[in-house]
Amino acid sequence: MPDLSHLVGKSIELQARLTSQWHSKEPRVTSVDPFLIQVEENHLRNFTLWHHEDDARREDKGFEFVFNAKRAIDKNNQERNDFIEKMDKFLFDQLGDQFSESTPMNSETPGSIIDRLSIMALKEFHMQVEVDRSDVDQEHFDKCMFKVTVIQQQIQDLKSALENLLIDCTDGTRGFRVYFQFKMYNDPELNPALYRKS
């Protein structure tokens, strides 16, 4: 049975490195490892979402700009969830169907934890930008520096939790299921606001 816990550190390093790179050049997926491709695709959606969320709060750009930002948010959020499921499916397939009915199931899947780590990488980067600003007062610096420290602790806690989960899954003492989000708002057959208009 493969030990998958080493993928956690690789994923976190990849998320941090790409967050920095993508702020200076056009984002694109370059990983070749079959699992890290999914990690990178998920992170790309979170990266894109982060900046569309900023755009959606612009009050100086008019209705159409905000509308387009909201549509982009919906699209990327759907794809983000798709890649969470793909990460879970990859790990589940690697572990094999070894979980019995009596195996305790983790309520949060590995893919959803990696997704949270992706968001934390973005938070750390953007909060560090605030720390590094030269046009702010000491109070702003202190607040942001404290937040960077908390974010870094959260990343370490999530890293440890995910590594332990994957070790337990390898041992068969804990398991997870591949959950599907079944998002309804983009489906014209399931969203009442869409199917009633016709």
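The values are calculated or read from the model by the stated rules, or taken from the named source; none is laboratory data. Note that this is a predicted model, so its numbers are computed, not measured. Note that we place each Cβ from the backbone using ideal geometry, even for glycine, and neighbour counts take in every protein chain shown.
Overview of values
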read-out: Selected residue (only one of Ser20, Ser31 is hydroxyl-bearing (Ser, Thr, Tyr), surrounded by 14 or more Cβ atoms within 10 Å (Cβ to Cβ) and either under 20 Å from Lys159 (Cα atoms) or in contact with a helix residue (DSSP H, G or I) (Cβ under 8 Å, 6 or more places away or on another chain) (or both)); value: Ser31
read-out: Of all residues making up segment 125-162, the number that are of a type outside the set (Gly, Ala, Ser), within 22 Å of the chain's Cα centre (by Cα) and more than 25 Å from Gln21 (Cβ to Cβ); value: 1
read-out: Residue check, Leu91 in contact (Cβ under 8 Å) with a residue 60 or more places away in the chain and surrounded by 16 or more Cβ atoms within 10 Å (Cβ to Cβ); value: yes
read-out: Of all residues in segment 7-32 being more than 15 Å from Ile119 (Cα to Cα) and small (Gly, Ala, Ser), the one that is modelled with the highest pLDDT; value: Gly9
read-out: Condition met for Glu13 (part of a helix (DSSP H, G or I) and either of a type in the set (A, V, I, L, M, F, W, C) or loosely packed, with under 13 Cβ neighbours inside 10 Å (or both)); value: yes
read-out: Whichever residue in segment 163-186 is among the hydroxyl-bearing types (Ser, Thr, Tyr) and in a loop (DSSP other than H, G, I, E, B) and, among such residues, is modelled with the lowest pLDDT; value: Tyr185
read-out: Any chance Arg28 is without any contact (Cβ under 8 Å) to a residue 60 or more places away in the chain and in a helix (DSSP H, G or I); value: no
